[in-house]
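Working notes, structure below.
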Amino acid sequence: MKITIIGTGYVGLVTGACLAELGNDVFCLDLDQRKVDILNNGGIPIHEPGLEEVVARNRAAGRLQFSTDVAASVAHGDIQFIAVGTPPDEDGSADLQYVLAAARNIGRHMEGFKVVVDKSTVPVGTADRVKAAIAEELAQRGTTDASFSVVSNPEFLKEGAAVEDFMRPDRIVIGHDQSADGLRAQKLMKKLYAPFNRNHERTYWMDVRSAEFTKYAANAMLATRISFMNELANLADRVGADIESVRHGIGSDPRIGHSFLYAGCGYGGSCFPKDVQALERTARDYDQELLILQAVERVNDRQKHVLGKKIVTRFGEDLTGKHFAIWGLAFKPNTDDMREASSRVLIGELVRRGASVAVYDPVAMKEAGRVLELDFADDTQLLQKIRFAASPNDTLQGADALAIVTEWKAFRSPDFERVKAVLKTPVIFDGRNLFDPQLMADSGIEYYGIGRTLQARGQ
């Protein structure tokens, strides 16, 4: 099938590459010439395990092309995926300017029948606005021989596992209307996704608004589970319970399950914070308050300060002259995404209290350098207190303590004897509960996790 992907960001590039991998002829459009040049020269502008190989393989096979030619992109695809960014606006709502601009471009150039797919995460009712934008352009052209249907097909990709998630989805959500064009679109979408349903049916068909709502509801639920466990972890610290034991205890209940029950120092990234805010904004537009989600957001904002508070409790309010090692900068492992990352909050707290830091991340060093320059643009002297280390061990040199912010596998089994020997004081602040408190105690390391105590285990 001939497919057009509008936008070569995280969602668009993964979607285009994976659909090409299935044998489709995919045209990826992006108005950013720099990004298109990178892709046409064999690189990729994001870090995602396995993606570069899929892109290279399908470019070589002639099934995947990248261009800034809008007219050519509209002419190419029977199915037009809109996968552009929807950044949060000042009021927390999703900014739809890029989605609607893409829709207008389709309306300006389309001939014949097109299926227009909202792949970007968008608020309920966006399909109606996309439909209106395309219809307006067609009317201005006086076109009578072109028809279309707007479909909602939200993505459910985890950064760091996006290729696997796309190729082996646990569900495919598609929303369409019951008009003649909508049913025609359903047939084309069914054909496109047929390879994913050979073993068993994974597609959930519904109306467009329900599909749009499903994406926000899914991310809001996952964010809620995380904030719920973080609140319990903070209480566990006070009452002397071990949140890891609690997690296993409640996760064994099949009504709850084990997923997304890990306590930590807060969630980040491009999805959860933005989508929770956007869903709250949608509710306000309909004169409703989502009280649970308001609490989820407040808890997460507060949780990003927990590591800093633990460090201050141990070393004092004034950290002048203190030096800390930080392992992990990206908001989660297997990505270089620094959006809403907890590390940015911790680094800011430490250096503003007079400390210096040495930081390391396996893949996010370049992106971290860029965003931290922005974070400290108003006080570049603070930026001088941040050293980008060459390795995890390099961060430890001269450090008073170690803080772990991202749960990279490379951090799970360090040489604790070396860590203990190099640190000025053998103290670890574990923002992701990677280590066992008893093992740390046996190793002679002072250990502070999130909701973990030795007292809870009778020590």
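The values are calculated or read from the model by the stated rules, or taken from the named source; none is laboratory data. None of these values were measured; they are calculated from a predicted model. Methodologically, a virtual Cβ is constructed for each residue, glycine included, from the backbone with ideal geometry; neighbour enumeration extends over all protein chains shown. Areas reflect the complete protein model, heavy atoms only, side chains present, ligands, DNA and RNA absent. Shrake-Rupley method; radii C 1.70, N 1.55, O 1.52, S 1.80 Å.
Remarks
- Here the condition is being open to solvent by 20 Å² or more (accessible area, probe 1.4 Å), under 15 Å from residue 328 (Cα atoms) and either without any contact (Cβ under 8 Å) to a residue 60 or more places away in the chain or not in a helix (DSSP H, G or I) (or both); of 407, 373, 417, it holds for 407 alone.
- First in the range 150-177 and of a type in the set (D, E, K, R), second anywhere and part of a strand (DSSP E or B), Cβ under 8 Å, 6 or more apart: 171/203; 171/204; 177/149
- Being open to solvent by less than 30 Å² (accessible area, probe 1.4 Å), farther than 24 Å from residue 410 by Cα, out of contact with any helix residue (DSSP H, G or I) (no Cβ under 7 Å at 6 or more places or on another chain) and not β-branched (Val, Ile, Thr) is a description that does not apply to residue 254.
- Listed by first and then second residue, the pairs linking a residue in the range 229-249 that is closer than 12 Å to residue 433 by Cα to a residue that is among the basic types (Lys, Arg) and open to solvent by 30 Å² or more (accessible area, probe 1.4 Å), with Cβ atoms under 7 Å apart and 6 or more places separating them unless they lie on different chains, are 242/452; 242/457; 243/452; 244/452.
- Selection count where residues are open to solvent by 40 Å² or more (accessible area, probe 1.4 Å) and either free of Cβ contacts under 8 Å to residues at least 24 places away in the same chain or of a type in the set (D, E, K, R) (or both), scope the range 384-402: 4
- Selection from the range 32-68 of residues that are assigned to a helix (DSSP H, G or I), touching a residue at least 24 places away in the same chain (Cβ under 8 Å) and under 20 Å from residue 333 (Cα atoms): 51
- Residue 177 within 20 Å of the chain's Cα centre (by Cα) and over 24 Å from residue 277 (Cα atoms): no
- Test result for residue 89, open to solvent by 50 Å² or more (accessible area, probe 1.4 Å), of a type in the set (D, E, K, R) and free of Cβ contacts under 8 Å to residues at least 24 places away in the same chain: yes
- Put simply, of 211, 218 the only residue that is in contact with a strand residue (DSSP E or B) (Cβ under 6 Å, 6 or more places away or on another chain) and buried (at least 16 other Cβ atoms within 10 Å of the Cβ) is 211.
- Helices (runs of 4 or more DSSP H) wholly inside the range 76-176 containing at least 3 residues that are within 20 Å of residue 271 (Cβ to Cβ): 97-109, 162-167
- Condition check for residue 302: touching a strand residue (DSSP E or B) at 6+ places or on another chain (Cβ under 7 Å), closer than 24 Å to residue 452 by Cα and surrounded by fewer than 21 Cβ atoms within 10 Å (Cβ to Cβ): no
- Of the residues making up the range 177-191, none is of a type in the set (Lys, Arg), at pLDDT below 95 and farther than 22 Å from residue 30 by Cα.
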